[in-house]
Amino acid sequence: MSNDSYHKLDQEVPEPPPQCPMNGTFSPFTQDYIADPYGVLEPLREDTPVFYSEKLQMLVLTRMEDITKVFLDPDTFSSDNVQDPVFPPAEETIELLSAPDFNPVAVMSNKQEPDHSRIRQYTKKGFSNRRMKVLEPYIRQRSHDLIDEMIQLGPPCDFVEHFATPLPGETIFRFLGFPESDDDQLREWCGDRLSFSWGKPTPEEQADIANKMLAYWRYCREFVARRNEEPADDLTSELLADHKNNPDDLSYLEVESIIYGLSFAGHEPVTLLLCNSLLSLLNHDTAWGEICNDPTLIPGALEEVIRFESPQIGWRRVATTDTEIAGIKVPEGTRIHLAIGAANHQPDIFDDPKQFDIHRTNSRNNISFGKGNHYCLGAKMARFEAKIALGILAERLPTLRIPQDQQLERIANVSFRGPTALTVEW
């Protein structure tokens, strides 16, 4: 695969930085971390804020100031590796994704300057206020429809299956222009991408995911080709129009690759945000009752969710040159894990950070969506969609609650956090 591939499967892991504190136990894949990452990260942030994880083979940063420095210096700390598997994939997986027609290229989160800004100017237009207004009636109607179905099923109900997964998935599919008739198949193809790029799947699981990725890429290419002949009012058509008007600035393959990448980026994180919102609001004092009585509190409550129990608690970078972080010499090629969850719970920035407080005045100082030129393109849409959904849930199901004896399961991975299932009652 070329160095410009959307997923690079053959990156070499360099030696650990010399004279760097070594940690032989830290890993986002341990049960302790999966259950309570903040409890694991807190002593590390206070005692050894920069260390090398032998299990991850990455330099780990836990403090806001160090993570911010990395985000704001993309020339030194590249995002080139953010879509790549954390661990070397099996040979069968590499063979499957070496199919001649599987050729998506890096376009957004893993694209470097100056090409990142060149492409972003076109995708950013798609997240305009006009597009949000076009989507809003659909999000509202679909939220009501899904709640109607939940009520008809009766409690208890799995919130993930019946609301948090279909709403963001169908919203991003409509945003891109995919027809409703393809929704079930699309969800099936996209469902395990999280595990592929950020988890630790077995060789058998990798092969299954790789086959789905290949099928989904082929679908995206066919869909873009159709829209090229029959444009409509959707992001795909807008990007194709931009390509036709500026063929030397935005390529046809880049349009295909944007569509391929946005389906996951606009789906899974919002699902996790909705789930984490309910977990935080329903499990902490009077928070749910407060937003039911006063929906104007929802934007602030959402920002506190994004700080307190973010759907994204870790991200990655790679050093492009020999450099230094917090006094640690970092050789070129060093892979870096940004422990966003630790920074969002830093007590010198957020008073009493372990407390969920929807009235906190500086919740928006969280770093969950990144910073700088790679600030999450979909952050606006995620907040917009979650605000609508929570408002309708609070209006329709004010007695919503979570059974106290529920044992939550989460996917082990380096970046995202949220339950695979969430039983609710009302």
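The values are calculated or read from the model by the stated rules, or taken from the named source; none is laboratory data. Since the model is a prediction, treat every value here as computed from it, not as a measurement. Because the Cβ atoms are built from the backbone with ideal geometry, glycine has one as well, and the counts that use them run over all protein chains shown.
Closer than 28 Å to ILE259 by Cβ and modelled with pLDDT of 90 or more: does that describe GLU65?
Working: closer than 28 Å to ILE259 by Cβ: no; modelled with pLDDT of 90 or more: yes.
No, not satisfied.
Does the range 115-124 include one or more residues that are part of a strand (DSSP E or B) and of a type outside the set (Asp, Glu)?
no
For every residue, the table says whether it meets (1) at pLDDT below 95; (2) among the small types (Gly, Ala, Ser); (3) at positive phi; (4) touching a Lys or Arg at 6+ places or on another chain (Cβ under 9 Å).
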residue	(1), (2), (3), (4)
ASP145	no, no, no, no
GLY154	yes, yes, yes, no
SER181	no, yes, no, no
ARG187	yes, no, no, no
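Could you tell me whether the range 411-424 includes any residue that is assigned to a loop (DSSP other than H, G, I, E, B), farther than 21 Å from GLY169 by Cα and not aromatic (Phe, Trp, Tyr)? Talk me through it step by step, then tell me what you get.
Residues of the range 411-424 that are assigned to a loop (DSSP other than H, G, I, E, B), as a first pass: 411-415, 417-418, 420-422.
Right, trim to farther than 21 Å from GLY169 by Cα and you get 412, 414.
Still in the running and not aromatic (Phe, Trp, Tyr): 412, 414.
Yes, the range 411-424 contains at least one residue that is assigned to a loop (DSSP other than H, G, I, E, B), farther than 21 Å from GLY169 by Cα and not aromatic (Phe, Trp, Tyr).
May I ask you to say which residue of PHE29, PHE77, PHE71, PHE87 is under 27 Å from CYS376 (Cβ atoms), at pLDDT 95 or above, surrounded by fewer than 18 Cβ atoms within 10 Å (Cβ to Cβ) and in contact with a Lys or Arg (Cβ under 9 Å, 6 or more places away or on another chain)?
On the way: PHE77 fails: surrounded by fewer than 18 Cβ atoms within 10 Å (Cβ to Cβ); PHE71 fails: surrounded by fewer than 18 Cβ atoms within 10 Å (Cβ to Cβ); PHE87 fails: at pLDDT 95 or above.
Being under 27 Å from CYS376 (Cβ atoms), at pLDDT 95 or above, surrounded by fewer than 18 Cβ atoms within 10 Å (Cβ to Cβ) and in contact with a Lys or Arg (Cβ under 9 Å, 6 or more places away or on another chain) holds for just one of PHE29, PHE77, PHE71, PHE87, which is PHE29.
Of the residues LEU44, LEU9, which single one is more than 18 Å from ASP322 (Cα to Cα), of a type in the set (A, V, I, L, M) and modelled with pLDDT under 95?
LEU9
Could you grab the pairs with beta carbons closer than 6 Å, sequence gap of 6+ or different chains, first residue in the range 247-265 and within 14 Å of ARG218 (Cα to Cα) and among the aromatic types (Phe, Trp, Tyr), second one buried (at least 23 other Cβ atoms within 10 Å of the Cβ) and modelled with pLDDT of 95 or more?
Sorted first by the residue in the range 247-265, then by its partner, the pairs are TYR260/CYS220.
Identify, from the list ILE367, ILE411, the residue that is within 17 Å of the chain's Cα centre (by Cα), modelled with pLDDT under 95 and surrounded by 15 or more Cβ atoms within 10 Å (Cβ to Cβ).
ILE411
Does the range 308-360 hold any residues that are buried (at least 17 other Cβ atoms within 10 Å of the Cβ), out of contact with any strand residue (DSSP E or B) (no Cβ under 7 Å at 6 or more places or on another chain) and within 25 Å of ALA164 (Cα to Cα), and which are they?
Result: PHE308, GLU309, SER310, ILE313, GLY341, ASN344, PHE356, ASP357, ILE358.
Would you please list the contacts, defined by Cβ atoms under 6 Å and residues six or more apart or on different chains, that run from a residue in the range 226-244 that is at negative phi and without any contact (Cβ under 8 Å) to a residue 24 or more places away in the chain to a residue that is surrounded by 13 or more Cβ atoms within 10 Å (Cβ to Cβ) and not in a helix (DSSP H, G or I)?
Within 6 Å, the pairs are HIS243/LEU250.
Could you list, in sequence order, all residues of the range 266-323 that are at pLDDT 95 or above, over 14 Å from PRO419 (Cβ atoms) and acidic (Asp, Glu)?
Of everything in the range 266-323, those that are at pLDDT 95 or above, over 14 Å from PRO419 (Cβ atoms) and acidic (Asp, Glu) turn out to be GLU290, ASP294, GLU303, GLU304, ASP322.
Please give the helices (runs of 4 or more DSSP H) falling wholly within the range 30-78 in which 1 or more residues are under 20 Å from ALA412 (Cβ atoms).
Fully inside the range 30-78 and qualifying: 31-35, 37-47.
Pull up the range 114-142, narrow it to residues that are hydroxyl-bearing (Ser, Thr, Tyr) and in contact with an Asp or Glu (Cβ under 9 Å, 6 or more places away or on another chain), then point me to the one that is nearest to ALA319 (Cα to Cα). Give the steps one after another, and end with the answer.
Of all residues in the range 114-142, those hydroxyl-bearing (Ser, Thr, Tyr) come to 117, 122-123, 128, 138.
Next cut, in contact with an Asp or Glu (Cβ under 9 Å, 6 or more places away or on another chain) only: 122, 138.
Values: TYR122: 28, TYR138: 42 Å.
The residue in question is TYR122.
Being modelled with pLDDT under 95 and crowded, with 19+ Cβ neighbours inside 10 Å narrows it down to one of PHE163, PHE175, so name that one. First the steps, then the outcome.
Working: PHE163 fails: modelled with pLDDT under 95.
Going through PHE163, PHE175 in turn, the sole match is PHE175.
Looking at SER197, SER181, can you tell me which residue is of a type in the set (Gly, Ala, Ser) and crowded, with 17+ Cβ neighbours inside 10 Å?
Values: SER181 fails: crowded, with 17+ Cβ neighbours inside 10 Å.
Of SER197, SER181, the one residue that is of a type in the set (Gly, Ala, Ser) and crowded, with 17+ Cβ neighbours inside 10 Å is SER197.
Among the residues of the range 116-127, are any loosely packed, with under 13 Cβ neighbours inside 10 Å, of a type in the set (Ser, Thr, Tyr), touching a residue at least 24 places away in the same chain (Cβ under 8 Å) and over 27 Å from VAL424 (Cβ atoms)?
So far as the range 116-127 goes, yes, one or more of its residues are loosely packed, with under 13 Cβ neighbours inside 10 Å, of a type in the set (Ser, Thr, Tyr), touching a residue at least 24 places away in the same chain (Cβ under 8 Å) and over 27 Å from VAL424 (Cβ atoms).
Which members of the range 91-113 meet the condition of being part of a loop (DSSP other than H, G, I, E, B), closer than 20 Å to ARG316 by Cα and either of a type in the set (A, V, I, L, M) or without any contact (Cβ under 8 Å) to a residue 40 or more places away in the chain (or both)?
ALA106, VAL107, MET108, LYS111, GLN112, listed by residue number.
What about SER78, is it of a type in the set (Ser, Thr, Tyr), touching a strand residue (DSSP E or B) at 6+ places or on another chain (Cβ under 9 Å) and in contact (Cβ under 8 Å) with a residue 60 or more places away in the chain?
yes
May I ask you to list pairs of residues, at least six apart or on different chains, whose Cβ atoms are under 6 Å apart, with the first in the range 345-360 being not β-branched (Val, Ile, Thr) and the second being not in a loop (DSSP other than H, G, I, E, B)?
Listed by first residue and then by second, the contacts come to HIS345/TYR38; GLN346/MET64; PHE356/SER280; PHE356/PHE308; ARG360/GLU304.
Could you say whether any residue in the range 25-34 is charged (D, E, K, R), without any contact (Cβ under 8 Å) to a residue 12 or more places away in the chain and over 26 Å from THR320 (Cα atoms)? Working first, answer last.
Within the range 25-34, the subset charged (D, E, K, R) is 32.
With without any contact (Cβ under 8 Å) to a residue 12 or more places away in the chain added as a condition, the list becomes 32.
Right, trim to over 26 Å from THR320 (Cα atoms) and you get 32.
The answer is yes, given that some residue of the range 25-34 is charged (D, E, K, R), without any contact (Cβ under 8 Å) to a residue 12 or more places away in the chain and over 26 Å from THR320 (Cα atoms).
Tally time: how many residues in the range 331-355 are assigned to a loop (DSSP other than H, G, I, E, B) and out of contact with any Leu (no Cβ under 8 Å at 6 or more places or on another chain)? Talk me through it step by step, then tell me what you get.
Of the range 331-355, the ones assigned to a loop (DSSP other than H, G, I, E, B) are 331-334, 339, 344-355.
Subset that is out of contact with any Leu (no Cβ under 8 Å at 6 or more places or on another chain): 331-333, 344, 346-355.
Within the range 331-355, residues that are assigned to a loop (DSSP other than H, G, I, E, B) and out of contact with any Leu (no Cβ under 8 Å at 6 or more places or on another chain) number 14.
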